[in-house]
Amino acid sequence: SLCGQAYQEAVHSMVLSQQGRVSDAIRGLSTALRRTEEEASGSASAGSAIAAYLVEALYEQNRLEEAEALIHDYAPLAEQQAIADAVAVMVQSTARMAFNRGEEGEAEDLLDRAIYLGYRHALPRIVDYARAELVRQSTLKGDLETAGRRLAQLFPDKRNAPDDALIFHAGETELHTVTWARYQIACENHAEARAVLHGEIRKAHTQRRRRRELKLHLLLAISLNA
């Protein structure tokens, strides 16, 4: 089954990426996408999941022209498929590229669109991913007032610390813990941020989630430097 092979390769690439083996993930995904395009004959939708994870991996390596070409070809198809993780990964990467180009309005429009899709398809994780990315972008701009307001939408229950007990790929290096810790560091609430980061670093190391462990260590380093 071409479709089954495509999703198998997508899952395999997630495992490689989580271990920090992004180059290996790109090789496997590129081969799988080429095979899917050659043999599609009515199953072209199978390539949208592969393309979503390949876009993210190419973005990680700053191969932006290649990533944008895939977005042009596959983003609408991924949206139609409404597979939560693949849609979220595609939207996150596209919004980050727009943000890095200085096109902040386009990035916000993309994330607002993702929130709409999340509600439309009853996929709350897509809503959370988009809200987390909005917090990230406001925090990076230094607009902590907007970031705080958006964070309150992501965490309506302010009594609890963030929890990423079950982490899907799209939220591995962002969502609750990273989004919350980055904001606390920006607000100079370092003790609160570090208390969560230390525990999450231990968990990521035990689970061999090297990519997540690296990002958590970088946040900790930023806090210590500050």
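The values are calculated or read from the model by the stated rules, or taken from the named source; none is laboratory data. The model shown is predicted, which means the values in this text are computed figures rather than measured ones. Ligands, DNA and RNA are excluded from the accessible area calculation, which covers all protein heavy atoms including side chains. Shrake-Rupley method; radii C 1.70, N 1.55, O 1.52, S 1.80 Å.
Considering only protein heavy atoms and a 1.4 Å probe, what is the carbon-and-sulfur percentage of the accessible area of the range 103-208?
About 49 percent, which is the carbon plus sulfur part of the accessible surface.
Could you give the spread of the C-alpha atoms of the range 12-76 along their three principal axes, from largest to smallest, in whole angstroms?
Taking the Cα atoms of the range 12-76, the three principal extents are 34, 23, 15 Å.
Here are a few candidate values for Cα Rg over 2.2 N^0.38 Å: (1) 1.26; (2) 1.01; (3) 1.20. Which one was actually calculated from the structure I just gave you?
(2)
log₁₀ I(q)/I(0) of the range 49-136 at q = 0.23, 0.24 Å⁻¹, via Debye over equal Cα point scatterers, no solvent, to two decimals?
Debye curve over Cα of the range 49-136, log10 I(q)/I(0) at q = 0.23, 0.24 Å⁻¹: -1.13, -1.22.
Can you send over the carbon and sulfur percentage of the accessible area for the range 1-63, probe radius 1.4 Å, protein chains only?
Values: 1320 of 2880 Å².
With neighbouring chains kept in place, the figure for the range 1-63 is 46 percent.
Tell me, rounded to the nearest percent, the portion of alpha carbon pairs in the range 168-211 spaced more than 11 Å apart.
The share of Cα pairs beyond 11 Å in the range 168-211 comes to 66 percent.
Quote the accessible area belonging to MET90 in square angstrom, nearest 10, computed with a 1.4 Å probe and with ligands, DNA and RNA left uncounted.
10 Å²
Provide the per residue accessible area, probe 1.4 Å, for the chain, rounded to a whole number of square angstrom.
49 Å²
Across bins of 5 angstrom width beginning at 0, how are the C-alpha pair distances of the range 63-191 distributed, in whole percent?
In whole percents, the pair-distance histogram is 2, 11, 21, 24, 21, 13, 7, 2, 1, 0.
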